[in-house]
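Below is one structure, written out as structure tokens; comments come after it.
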Amino acid sequence: MIVLAVLGVLLLAGALYVCRGFFLIAVAKSLNARAEATMAETAELNARTAELEAETADLEARAKASKASKAVALGFVPEEELDTTLWAPRTPERQTVLDALRAGDWEAGAAYVEAAGQEWEERWQRVVALADLAAEDDDAWLLAWRAARPADPVAAVVGAETGVRVAWNVRGRKRASYTTQEQFRLFGELLNTAQRAAHEAQHLADPADPLPYMVEQHIGHGLGYSHERYRALWEQITARDPKVLSAHTNALEYWCQKWRGSHALAHAFAAESAAAGAPGDLLSLLPLIAYFEQEQHERDLLPETWYQEPGITAAVDAAVQDLAEAGPGHPGLARMRHMLAYLLFWQDRDADAVEQFRHVDGYIGTVPWSYDPSPRRRYLYARDWAIDVTTPEA
């Protein structure tokens, strides 16, 4: 009897085990069926999402094309014709000089810079135009100039600025994380060479000329001048002329958080610059750049809310008034108009933005557009939107 009882228990246990197995198999099949159903639902949802995204992209593309065609119909430049290297068209005189330099006539370049006299901002823009040509194209004319006139202060400053631009071209304008160690090494060597050239230009220059010291500004950015050393350099510039716009914008770059300063230092410097300017000097551009630099640096700042801040609105108003006071030949007009167009757009002051776009359209090689990986995209988004909302439908 005991044996039969044990056998019965074993048989019952076996039966239960088998039943448990059948139950688990059934559960597994049910789970697999549910999983397959879920996967099918997910695939259907993914397909529908892809369809919706495609429909959205198509609608956005049509809206973009509609805005673009409206802008072009009103006389604005089409996307493919936007120049991303210049912020304003070259004057016929400058183009003639650059062509002469390419042909080897360095004397045309020397006369062109000298003709600016002590209009330091204009003179600086002419030096930069020559240095860009030498750095990015052919510098044979510059070498011939230096050989013919080794003590020429104009040739010295153009040569020094050329060295700075070659160095920065090697480094590139991307963040440090995108720059190789070899680029950094060569960048440092080239900047040290440019620094010696800048010091030579300072020695040769007219004591009233701030340009050789302005050349050293971007050397200081790259070599990491201390705040004390940079302030000493700044004093050399402002002692000669305290209101050269490019000197101020160069210095602001140093004081920005992305280089050697902070947001607070940049805003303080910008406010000081703006306060030092008389109506029409366009130094009110500095606070606009400081606000823009902060927005670009801080990922959590949304332009549609950031630029609506009362302090920024007031700074834009001051810049608009400053622009109205500036002479028609001020070499900083285009830079001011580009920045105002961008900020006015984000402040929903679209008609005022369109007015600025009319003046600068076609040439976008400057901030704020140049900070975007696709300058044309950033420019057209703002320009075409502003035009669209301010133009009545036909």
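The values are calculated or read from the model by the stated rules, or taken from the named source; none is laboratory data. Just so you know, these numbers come straight off a predicted model, no measurement behind them. With ideal geometry, Cβ positions are generated from the backbone for all residues, glycine too; neighbour counts draw on all protein chains shown. Note: areas computed on protein heavy atoms with side chains; ligands, DNA, RNA excluded. Shrake-Rupley method; radii C 1.70, N 1.55, O 1.52, S 1.80 Å.
Per-structure values
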{"item": "Residue list for region 147-158, restricted to those being under 21 Å from Glu216 (Cα atoms) and either assigned to a helix (DSSP H, G or I) or charged (D, E, K, R) (or both)", "result": "Asp152, Pro153, Val154, Ala155, Ala156, Val157, Val158"}
{"item": "Condition check for Arg240: farther than 30 Å from Glu298 by Cα and among the charged types (D, E, K, R)", "result": "yes"}
{"item": "Of all residues making up region 61-95, the number that are without any contact (Cβ under 8 Å) to a residue 12 or more places away in the chain, open to solvent by 70 Å² or more (accessible area, probe 1.4 Å) and over 25 Å from the mean Cα position of the chain (by Cα)", "result": "3"}
{"item": "Cβ-Cβ under 9 Å pairs, at least 6 apart or on other chains, region 256-279 side closer than 14 Å to Phe292 by Cβ, far side at pLDDT below 95 and of a type in the set (Lys, Arg)", "result": "Lys258/Arg175"}
{"item": "Per-region count, region 309-360, residues among the charged types (D, E, K, R) and within 17 Å of Asp388 (Cα to Cα)", "result": "6"}
{"item": "Long-range neighbours under 8 Å by Cβ, at least six apart or interchain, first residue under 24 Å from Glu293 (Cα atoms) and assigned to a loop (DSSP other than H, G, I, E, B) within region 172-187, second at pLDDT 75 or above and among the polar types (S, T, N, Q)", "result": "Gly172/Gln183"}
{"item": "Residue match in region 204-216 (condition: assigned to a helix (DSSP H, G or I), open to solvent by 60 Å² or more (accessible area, probe 1.4 Å) and closer than 12 Å to Trp120 by Cβ)", "result": "no"}
{"item": "Answer from Ala167, Ala135, Ala144 - the residue that is in contact with a Ser or Thr (Cβ under 7 Å, 6 or more places away or on another chain) and not in a loop (DSSP other than H, G, I, E, B)", "result": "Ala135"}
{"item": "Boolean, Leu245 is in contact with a Leu (Cβ under 9 Å, 6 or more places away or on another chain), open to solvent by 40 Å² or more (accessible area, probe 1.4 Å) and either hydrophobic (A, V, I, L, M, F, W, C) or within 25 Å of Pro153 (Cβ to Cβ) (or both)", "result": "no"}
{"item": "Among the candidates Glu81, Glu93, Glu107, residue that is closer than 15 Å to Phe357 by Cβ and among the acidic types (Asp, Glu)", "result": "Glu81"}
{"item": "Residues located in region 98-124, provided they are among the small types (Gly, Ala, Ser) and either under 25 Å from Ala208 (Cα atoms) or open to solvent by 60 Å² or more (accessible area, probe 1.4 Å) (or both)", "result": "Ala103, Ala108, Gly109, Ala110, Ala111, Ala115, Ala116, Gly117"}
{"item": "Given (1) touching a Leu at 6+ places or on another chain (Cβ under 7 Å); (2) open to solvent by less than 20 Å² (accessible area, probe 1.4 Å); (3) more than 27 Å from Asp281 (Cα to Cα), index of the condition Val127 fails", "result": "(3)"}
{"item": "Region 250-264, subset over 24 Å from Trp124 (Cβ atoms) and in contact with a His (Cβ under 9 Å, 6 or more places away or on another chain), residue surrounded by the fewest Cβ atoms within 10 Å (Cβ to Cβ)", "result": "Gln257"}
{"item": "Index of the failed condition, Gln308 passing every other in (1) part of a helix (DSSP H, G or I); (2) farther than 30 Å from Arg123 by Cβ", "result": "(1)"}
{"item": "Conditions (1) over 23 Å from Lys70 (Cβ atoms); (2) open to solvent by less than 20 Å² (accessible area, probe 1.4 Å): number failed by His338", "result": "(1)"}
{"item": "Residue check, Ala315 surrounded by 15 or more Cβ atoms within 10 Å (Cβ to Cβ) and either modelled with pLDDT under 95 or within 22 Å of Glu253 (Cβ to Cβ) (or both)", "result": "yes"}
{"item": "Number of the exception - Leu333 against (1) closer than 23 Å to Ala129 by Cα; (2) crowded, with 19+ Cβ neighbours inside 10 Å; (3) of a type in the set (A, V, I, L, M)", "result": "(2)"}
